[in-house]
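Report on the structure given below.
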Amino acid sequence: QVQLVESGGGLVQAGGSLRLSCAASGILRKINVMGWYRQAPGKQRELVAAITKGGSANYVDSVKGRFTISRDNAINTVYLQMNSLKPEDTAVYYCNAESVSVDYWGQGTQVTVSA
């Protein structure tokens with residue numbers, strides 16, 4: 001089992017920044033990719049950014065150049081630095097950890113960007 005605990009969400013004005021953290025615990029040896037998803041009201045959950053254990057990252061086009069995902073394998077934590085936030089970034093952000101057979105999810109953290 002893997003447990004994921006997110007923190008760092010909140011309310012910010014457009015143009016501002018937030019940093020999300022996701023601490024993983026449990027049996028982590030089969031986890032390679034970790035990432036952040038988001039779900040806005042009335043929309044499907046979408047992948048925002050993901051990073052492999054080796055540090056290779058990918059992003060959805062809408063956040064490229066504004067968001068940065070990083071990972072500290074020593075403390076099993078993944079981060080999402082969000083800069084130049086826009087109202088359309090408002091959503092619940094979920095941490096995700098992929099193993100071969102199952103995905104694990106955090107409880108979600110709300111990010112609200114006011115215009």
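The values are calculated or read from the model by the stated rules, or taken from the named source; none is laboratory data. In this text the structure is predicted, and so the values were computed from the model without any measurement. Glycine gets a Cβ as well: all are built from the backbone with ideal geometry, and neighbour counts include every protein chain shown. The accessibility values were calculated without ligands, DNA or RNA, using every heavy atom of the protein model including side chains. Shrake-Rupley method; radii C 1.70, N 1.55, O 1.52, S 1.80 Å.
Structure summary
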{"item": "Segment 39-61 residues that are within 18 Å of Val113 (Cβ to Cβ) and of a type in the set (S, T, N, Q), paired with ones that are in a loop (DSSP other than H, G, I, E, B) and open to solvent by 40 Å² or more (accessible area, probe 1.4 Å) (beta carbon under 7 Å, 6 or more apart)", "result": "Gln39/Arg45"}
{"item": "Residue within segment 67-82 that is in a loop (DSSP other than H, G, I, E, B) and at pLDDT 95 or above present", "result": "no"}
{"item": "Qualifying residue in segment 31-40 (condition: of a type in the set (Gly, Ala, Ser) and more than 15 Å from Glu6 (Cα to Cα))", "result": "yes"}
{"item": "Residue satisfying all of: in segment 56-90; among the acidic types (Asp, Glu) and exposed (fewer than 15 other Cβ atoms within 10 Å of the Cβ); farthest from Leu11 (Cα to Cα) among these", "result": "Asp72"}
{"item": "Number of positions in segment 5-19 that are under 12 Å from Tyr79 (Cα atoms) and part of a strand (DSSP E or B)", "result": "5"}
